[in-house]
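So the structure is just underneath, and the comments pick up after that.
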Amino acid sequence: MNWPRKNDRERYEIEGFIESYKRLKHGRNFIVVETNERPDRIVEDKETGEKFGVELTSEYLSDKSVPDRHMNNKSAQIPDNHQNIDTYEKRILNRIEEKMNKARQGYDLSYPLILSVYLNEYESMYMDEEYWRDFSKRNDSFFDTIDPFVEVVFWPLPNDLVVSVRNNKEQVA
């Protein structure tokens, strides 16, 4: 199995983000109007014409997850391992912080920025709606500081769940 190239991966992620975003209570129907770096895409709401910058990112349990777990073509049962989930959560928060720092140092801020976090790790199957509500509460002060992002969106989650944490702390699931 070959791992997708960056362009293929980003196309998959923006398409998945757009479909997921529609399912949020405040969801919008976006179309991509520009492909960039810093942020990765400029999207436009089909109804209102409002534009947003979308930065795409994904996170794994470890730097070796892709070759060791995802590319070996072995189907294995993934146990509900709280230590792995805690490790994964820390990596997710670190990735968000990394993206916030990069965005503060040179991203185009012409439009409100949304951070799309593609949770591409098996452990995410144990991160249900209750988990994300607790996650948001435990990291309340962290999410107070997500600027210049106005929102962080986590997807894909079990049962088609999409979670949004906004910098005004309104969580939508």
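A few remarks follow.
- Each Lys or Arg adds one and each Asp or Glu subtracts one; over the other residues with Cβ under 10 Å from the Cβ of Asn120, this totals -2.
- Near Glu59, the amide H atoms lying under 5 Å from its own belong to Tyr118, Asn120; only residues 5 or more places off or on other chains count, and H is placed 1.01 Å from N.
- 12 Å Cα-Cα reach of Lys25 towards aspartates and glutamates, excluding residues that sit fewer than 8 places from it in its own chain: Glu170
- DSSP beta bridges in the stretch 6-172 [antiparallel fraction, %, rounded to 5]: 55 percent
- Among the listed pairs Lys90/Lys137; Lys22/Lys99; Lys6/Lys90; Lys22/Lys102, a Cα-Cα separation exceeding 20 Å is found for Lys22/Lys99; Lys6/Lys90; Lys22/Lys102.
- In Hz, Karplus ³J(HN,Hα) per residue of the stretch 47-52 (6.51, -1.76, 1.60; θ = phi - 60°; x = Gly, Pro): 7, 9, x, 5, 10, 9
- Under the Karplus curve 6.51 cos²θ - 1.76 cosθ + 1.60, θ = phi - 60°, whole-Hz ³J(HN,Hα) for the stretch 34-42, x wherever Gly or Pro sits: 7, 10, 9, 10, 6, x, 5, 9, 10
Since every read-out is calculated from the coordinates, none of them should be taken as a lab result. Fair warning: this is a prediction, and the values are worked out from it, not measured in the lab. Reconstructed Cβ throughout: ideal geometry from the backbone, glycine too, with neighbour counts over all protein chains shown.
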